[in-house]
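Beneath this line is the structure, given in C-alpha cells, with notes to follow.
The values are calculated or read from the model by the stated rules, or taken from the named source; none is laboratory data. Here the structure is a predicted model, which is why all the values come from computation and not from measurement. Cβ: placed from backbone, ideal geometry, glycine included. Neighbour counts: every protein chain shown. Please note that ligands, DNA and RNA were not included when accessible areas were found on the heavy atoms of the full protein model with its side chains. Shrake-Rupley method; radii C 1.70, N 1.55, O 1.52, S 1.80 Å.
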Amino acid sequence: MSAVLIALMVLPFAAAVASAAAPMRVAKVLTVAGGLSTFGLSISLLESKGDAAALAGWLRVDPLSLVFLLAVAFLYVTTAIFAVGYAQPRSSERETRHYSRRFFAGLNLFAWAMVMAPVVNGFTLLWVAIEVTTVVSALLVATDDTDGAVEAAWKYVLIASMGLGVALLATLVMYYAGTASLGGSYELFYPRLLAAAGHFNPEVVRLAFGLAVVGFGTKMGLVPVHTWLPDAHSEAPTPVSALLSGALLTVSFYGILRFYQVTTRAVGPAYPRSVLLVFGIASLALAALYLARQRDLKRLLAYSSIEHMGILAIGMSFSAPIAVVGVLLQVLAHAAAKSTAFFGAGSVIAKFGTKELERVRGGIGALPWSGPMFLLSVLALSAMPPFGIFRSEFLIVEGGLGSSATALVAVLLLLVTIAFLGLSWYASQTMLTPLPSGVVRGEVSTTMALSMGLGLAALVLLGIHPPAQLSELLTRAAGELRGAR
Amino acid sequence: MSGVELAPAEIQVLQDLTILVFAPLLSGAIAKIESRLQGRRGPRVLQPYYDIAKLFRKETLVPEDSSFVFLAAPVVAFVCYLTVPLLIPVLTSFPLPLGYMGDILGGGFVLALAGFSVALAAAETGGPYAQLGSSRAMTFGALIEPSILFVTFTVALVTGTDLPYFEAAAVRSSLSQAVRPAHLLAAFAFFLVVLADTGRIPVETHVSTLEFGMIDEARTLEHSGPALALLKWGSTMKQMVLYVILINVFIAPWGLAGSRQLGPVLLAIPAFLAKALGVGTIFAVIDNAFSKLRLFKITEFMAAAFLLAALAVLVLYLGGG
Amino acid sequence: MESLLAAVTAPSAVTDAAETVAILVLLSEFAMLRSALSRSQVNLYAFQSLAVAALAFIVAAERHVNDLFVLGSLSLLLKVVIVPAILSRVLREAPDDVAGSHRLGVASMVMSAIVLSGFGIFVIGTMPIHSKLLPVLALAIAAAVILVAFLLVIVRSDVVSQAIGFFSLENGVSLAGYVLAAGLPLIAEVAFLFDLLVAVVVFGVLMRVHHGRSASLSTRALEKLRG
C-alpha cells in the first residue's frame, strides 16, 4: 500500500510539471489522466481498510483522511473533465500557450496540494500542504485577469494567509502542549499525539484548538472569517470555483478535525463542540440570509458553500455518533453536489455571457442537458432526496435529536429551509422560465455536461445506496474522530 | 574637609540652592552648544544671568482688566519649582526626610500647578497670543499626562513604591536592572516627555519668535519686569528639575553622594552638571537634526511617548521585563 | 530601604537582551503602522526580521541549540535579504508614497494597537506556558505582534502595507515558535520558510498585476465586490 501513497504524491505533481511544458491539447489529456489515476489510487486504498503508511511514516492514510482523499480525488476527475471543454484557445497562439500553461499546471498543482493535505502525517506537513493550496489557488483565481479577479485574488491570498498564520500558531501551541510528555523534540505525527493527548495541559490544548478553528476556519469559510470566499468563488474560473468550494473548504475542515481529535482526547468533547457550534450557527445563519437575496449566480453557490460548512460544524457539535457519520458523508456529498452546481453555473455563464441572475432566463430551454442537471444539483444542494446530502443531513438531524438538542435542530432546520427557499427561487427563476429570443439551444460542450452527469451519479449513489465499503469506512472514521478505539 | 557632616535639612537647602543657582547656567551652556552646532558663536554661557538681572531692574507693566492672579502667578510658579527639588534625588542617593513628602506623582502635581498658574495668568491678560499659548500648553500637557502616569506605574511596579529615590536605587543595584527592557522603555518615554515639557523640537521651537508656532513661550508674552524675570528663571529651573529626574532617577543615577559628608555632597554638584551637560548636548543635537512637527502632528509624538510607557507597564505585567 | 531593594529581583542579562530584542520586534511593528513610504515599510520589515533572527542566535548561543543556528541563518538570508529584495524589485516602478492609506488617524491607530497588544500580552500571561529557552514575555510579545499585524492589514489600504502586514505576522509566529517549539524538527521549520518564500512570490506577482492594472498601490480600487 505504501506504493499507492507514493504514487499519490508523485502523479498529480508530475501531471502539473508535464502540463506546464505541453501544448493545451496535451495538457488537457494529462490533467484528466492525473485525475483518473489519483481517483483510482484512492479507491484502491479502500481495500486496505484505510490503513497505509509510507516514507518512514511521513505519509499515512487512516479512515478519516481517506474520506477527504476520496472527496478531493473525485473532484479532481470531474474538474479535469470539465476543464477540457472549459478551456478555450485564446486570440493568439502565444496567449493560448501562456494561458494553458498557467491554468492547467496550476489546476494540477492545486489538486496535488489538496491530495497531499489528507495524505501527509502530522500537523506541520498538513499546514504546509494547506498553505500551498492557498498560494496556488490564489494565482488560479487571478487567471482571468479582470479587475474583479485581481481584487478577489488579493483578498483571498491576504485573508487566507493571515488565517493560516494563526493556524501555524495553533500548530506550534499544539507542539508545545506535547513537549511535556513527548520530550523537547519530536515529530507532530497524529498517532503519537493522540496516544499522548491524555497528558497534555488542557489550557494549552484549548488555546491551540481555538486558534486552529479561527485559522483553518478562515479557509473553510466559517463566519465571521469567511469574507474572501464569495469573491474568490465568483471571480475564479469555474473549474477553480468548483475545486475551491467542493474540495478546498473541506480540506481545511479536515485540518480542524485533526485538532478536534487531539483536543477531544485532551480536554473532553464539550469544549471543541461548543466552539464549533458557535461558528457553525453563525455561518449557517448568515449564509441563509445572503442566499435569500442574491444577484450573482456564483455568489449564490458560494453562500451555499458557507451554509454547508456551517452544517458540518454544527454536526460535529452533536454528541450522538450518528451525527459524525452524517458529517463525513456530507463532506463527500457536498463535494459532488457543489462541483456539479458550479459546473452547471459554468455552462450557464458560457451560454448567456453573464453571471447576473436577472439576465439568465430559460436555462432549461437553452441547455438541454446541463440545464436540468443544474436544477437537479441545486435540489441536491438543498438536501432533497434521493441525493447524498439528504441522507447526510438526515443523519446529522437524527444525531441532533439523539443528543437531545431539539431546539438546536429546530434552528438548524429553519435556517436550512430559508436557504432552500432562496436557492430554489433563484434556480427556478433562471431555469424554468421561457427562453428569451436570440439564445441558441444547445450544449456549450459535451465534456462539461459529462462532468455534471458524473457528479449527479455519485450523488444518487450516495443518497440511495452507499457502497458497503464506504459505509464501513465512514463508521470507522467517525469512531476514530470521537475517540473510540 | 572630610568629617564635616551636614544635617539633612542643610542638604535639602543645598539641593534647592543648586537648582536655583545653576539652572540659568545650564540653559546658557546648552544654548551655547546649540549655536556652536549651528556654526554660530552664540550668546555667552552666562547670558541668562544677565537677562534675569536686567529684567529685575525694569518696571512691571500690568495689562488693564487683569487681577492679582497676573502678578501672583510668576511667584507661585517660582515657589513650585523650588518645592520639587525637595522631593527628588538632586545630590544624595539616599532619601532625605522631606523626600517622603511626595512621590513622583506629587512632584508632577507641583510642576503642573506651576504650569497651570502661568497659563491662568496668560489667559487673564486677554492677549490673543498669550491665550493661544496657554490653551495649547494645557492641551498638550493633558496629552502628555498619560505617559507620565504610565512611567510612574512602571517605577511603582519595579520598586514597589513610587518614590524616585527607590527607582534610582534599583537602577544602581545592578547592570541588568539598568538595561532591563521595562526600564529602557520607561526611560525613553520619560526622555520624550522631557523633550515635550521643555519646549524642544520636534514639539516646539524654543528660540523662535514666530508666535503662531509657540506653545510655552507664548504664555509669557504679556509679562514684563521682575515678573518676567521670575518666569524666565522659573523655566530654566523647570528644565533643570526635569533633567534631574531624567538623569538621577532613570538614566545615570551614579555620582550622587552616598553619605552626609560635606565633600561627597559638594562633589555631587559638578558631577550632576557634567551629566546634565551631556544630556543637554543630546537635546541640542536633536534640535538640529529634526524639524518641528506640524501642530496637529504633535499628537503622534505624544502617542509614541505613551506607546513606550504603556509597553513598559505591559512588559512588567509578565513578571520579567 | 534594603528590604525594598531585596524585593527587586533582577533578571539575568541574557533574558534582558532577549526581551529587549523582542520589544524591538514589536516596536518595528508599530512603526509599520505609521510608516508613510513603501520603501521604509520594506526596510522596517527587514529590520524586524533581523531582530527575530538575532533572537534565534541569542537562544542558540546561550542554550547550545545548534538547529537554531541553522534556522537563524536561513531566516536571516531569506527574510532580511531575499524577501526585501524581491519586494523592492516589485516596487521599483511603483510610486513610493503610501502615506494616504490610513483609514484611522495615527494617534487612534496607535491607541488601538496598544489596546490589542495589551490584550495579547494579558492572554498569554494567563496561560500556563513556560520555556527553558526564552522568557515567556517573548511569546506575549509575539502575540501582540500578530494582533498588531492584523490591525496593520485592516487600517492600511495599500498593497505594500497589507503584504508587509502578512509577512510581519509570520515574523510574530516565528518569534512564538522560538518560545513554544524551539525543538521542532529543522525540516519542519525549513518547510515553513519555504512556504513563506512561495507566498512572497505570489504576493509579489499579485502586487505587480494590481499595479499594472491600476497604476497605484492603493487598495481602494479593490473594494467593488460586495454582497
>> Just to be sure before I move on: is A:Arg102 in a helix (DSSP H, G or I), in contact (Cβ under 8 Å) with a residue 24 or more places away in the chain and open to solvent by 50 Å² or more (accessible area, probe 1.4 Å) in the structure I sent?
In response: yes
>> Suppose we filter B:Ala186, B:Ala196, B:Ala119, B:Ala142 for residues that are assigned to a helix (DSSP H, G or I), within 14 Å of another protein chain (Cβ to nearest Cβ) and crowded, with 21+ Cβ neighbours inside 10 Å; which single one remains?
In response: B:Ala186
>> If I ask for residues that are farther than 21 Å from A:Asp51 by Cα and free of Cβ contacts under 8 Å to residues at least 24 places away in the same chain, which ones from the range A:1-20 would you list?
In response: A:Ala14, A:Ala18
>> Looking only at residues that are out of contact with any Lys or Arg (no Cβ under 8 Å at 6 or more places or on another chain) and within 8 Å of chain A (Cβ to nearest Cβ) in the range C:150-166, which one is nearest to C:Tyr178 (Cα to Cα)?
In response: C:Phe166
> Taking the range B:5-38 as the region of interest, how many residues are open to solvent by 70 Å² or more (accessible area, probe 1.4 Å), more than 20 Å from B:Gly278 (Cβ to Cβ) and more than 18 Å from the chain's Cα centre (by Cα)?
Replying inline: 3
>> Take the residues in the range C:113-135 that are open to solvent by 40 Å² or more (accessible area, probe 1.4 Å) and under 18 Å from the mean Cα position of the chain (by Cα); name whichever of them is farthest from A:Val204 (Cα to Cα).
In response: C:Val115
> Limited to the range B:273-312, what total is found for residues that are of a type in the set (Asp, Glu) and either under 19 Å from B:Ile88 (Cα atoms) or in contact (Cβ under 8 Å) with a residue 12 or more places away in the chain (or both)?
Replying inline: 1
>> From the list B:Pro264, B:Pro270, B:Pro226, exactly one residue is in a helix (DSSP H, G or I), touching a residue at least 40 places away in the same chain (Cβ under 8 Å) and surrounded by fewer than 21 Cβ atoms within 10 Å (Cβ to Cβ). Which is it?
In response: B:Pro226
> Counting only residues that are under 26 Å from B:Arg180 (Cα atoms) and of a type in the set (Val, Ile, Thr), which one in the range B:286-321 is farthest from the other protein chains (Cβ to nearest Cβ)?
Replying inline: B:Ile286
> Here are A:Val157, A:Val128: which of them is part of a helix (DSSP H, G or I), under 21 Å from A:Ile6 (Cβ atoms) and facing another protein chain (nearest Cβ under 10 Å)?
Replying inline: A:Val128
> Pairs under 7 Å by beta carbon, first residue of a type in the set (Ser, Thr, Tyr) in the range A:112-128, partner in a helix (DSSP H, G or I), six or more apart or different chains?
Replying inline: A:Thr124/A:Thr171; A:Thr124/C:Ala188; A:Thr124/C:Ala191
> Which members of the range B:233-253 meet the condition of being part of a helix (DSSP H, G or I) and open to solvent by 10 Å² or more (accessible area, probe 1.4 Å)?
Replying inline: B:Trp233, B:Ser235, B:Thr236, B:Lys238, B:Gln239, B:Ile245, B:Ile251
>> So in the range B:174-219, with the set limited to residues that are among the polar types (S, T, N, Q) and in contact with a helix residue (DSSP H, G or I) (Cβ under 7 Å, 6 or more places away or on another chain), which one is nearest to B:Tyr243 (Cα to Cα)?
In response: B:Thr198
>> Quick check on this structure: which one of A:Ala337, A:Ala333, A:Ala345, A:Ala313 is of a type in the set (Gly, Ala, Ser) and over 29 Å from A:Glu480 (Cβ atoms)?
In response: A:Ala345
> Is it the case that some residue within the range C:5-18 is within 14 Å of another protein chain (Cβ to nearest Cβ), touching a residue at least 40 places away in the same chain (Cβ under 8 Å) and part of a loop (DSSP other than H, G, I, E, B)?
Replying inline: yes
>> Suppose we keep only residues that are among the hydroxyl-bearing types (Ser, Thr, Tyr) and either within 9 Å of chain C (Cβ to nearest Cβ) or more than 21 Å from the chain's Cα centre (by Cα) (or both) within the range A:131-152. Which one would you say is most open to solvent (accessible area, probe 1.4 Å)?
In response: A:Thr146
>> Considering only the range B:82-100, I want to know if a residue exists there that is open to solvent by 20 Å² or more (accessible area, probe 1.4 Å) and under 18 Å from B:Ala229 (Cα atoms).
In response: yes
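Yes/no per residue for (1) in contact (Cβ under 8 Å) with a residue 12 or more places away in the chain; (2) of a type outside the set (Gly, Ala, Ser):
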position	(1), (2)
C:Ala99	yes, no
C:Arg103	yes, yes
C:Ser108	no, no
C:Met111	no, yes
C:Ile124	yes, yes
C:His130	no, yes
C:Leu134	yes, yes
C:Val153	yes, yes
C:Gly177	yes, no
